[in-house]
Amino acid sequence: MGLRIRAATLDDAGAICAIYNQGIEDRIATLETALRTPDERRAWLAQREARHPVIVAEEDGRVVGWGSLNPFMTRPGYRFVADFSIYVERERRGKGIGSQLLARLEELARELGYHKLALTALPWNAAGLALYEAFGFRTVGVYTEQGQIDGRWVDTVVMEKLL
Ligand SMILES: CC(C)(COP(=O)(O)OP(=O)(O)OC[C@H]1O[C@@H](n2cnc3c(N)ncnc32)[C@H](O)[C@@H]1OP(=O)(O)O)[C@@H](O)C(=O)NCCC(=O)NCCS
């Protein structure tokens, strides 16, 4: 069996939680530091609106990655821009799963009428930056000392792609 990308269901909360927590612990993906629980992710899934879908990558029946389209900013003028997340299980990274998740998120974003995808990445996230560049994202710029993680200042890279 190959890889299948599908819409997430509430039953995926446990797998999504475990994969998200790996990304948080690795300190490469996000300035988030609070680990999640399956119940918290279940509630998160339950409140998603149609314009902010969550998808999973399933390999031989097992969830090995997830992605989501997220609100960029709440003011109405920004409604054509989506932020997004992609997380692949630690042991399954570098095997094309992130690329398949991003391809599907782009497809969904077009279907949902978005005009642009935007993201913020950490400068040392080589896999993330390579993925976005491969998909034609442009670097808008770098915020210097935009946040703190584990007590030290970090820069963030802002990227965008017009759909
Ligand atoms: C970032 C992430 C989603 C990418 O998914 P992936 O399945 O590992 O990536 P893929 O195998 O699809 O590779 C995508 C591109 O990145 C490149 N790449 C993958 N791993 C890499 C690495 N460690 N260093 C440099 N480039 C890398 C691939 O060569 C490929 O580029 P190409 O198409 O030009 O050959 C995944 O590594 C991950 O979940 N990381 C932790 C969470 C995270 O950082 N999320 C993004 C937050 S901004």
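The values are calculated or read from the model by the stated rules, or taken from the named source; none is laboratory data. Bear in mind the structure is a predicted one, so any value in this text is a computation, not a measurement. A quick note on method: Cβ atoms are made from the backbone with ideal geometry, for glycine too, and the neighbour counts reach across all protein chains shown. The area values use the complete protein model at the heavy-atom level, side chains included, leaving out ligands, DNA and RNA. Shrake-Rupley method; radii C 1.70, N 1.55, O 1.52, S 1.80 Å.
Here are a few things to note about the model shown:
- Calculated mean residue ellipticity at 222 nm for the chain: -9000 deg cm²/dmol, from DSSP H runs with n ≥ 4 weighted as -39500 (n - 2.57), summed, divided by the residue count and rounded to 500.
- Probe 1.4 Å, accessible area per residue of the chain, Å²: 54
- Separation in nanometres of the label points that stand 7 Å from Cα toward Cβ, at ARG138 and MET73: 1.8
- Once the chain from TRP153 to ALA46 is taken as fully extended at 0.36 nm per residue, the excess over their C-alpha distance is 35.1 nm.
- Computed in the context of the full set of protein chains, the accessible area of the chain at 1.4 Å probe radius has 51% of its extent on carbon or sulfur.
- Label-to-label distance for HIS115 and THR37 is 4.2 nm, based on points extended 7 Å past Cα in the beta-carbon direction.
- With Cα atoms defining each centre, segment 100-163 and segment 65-93 are spaced 9 Å apart in the structure.
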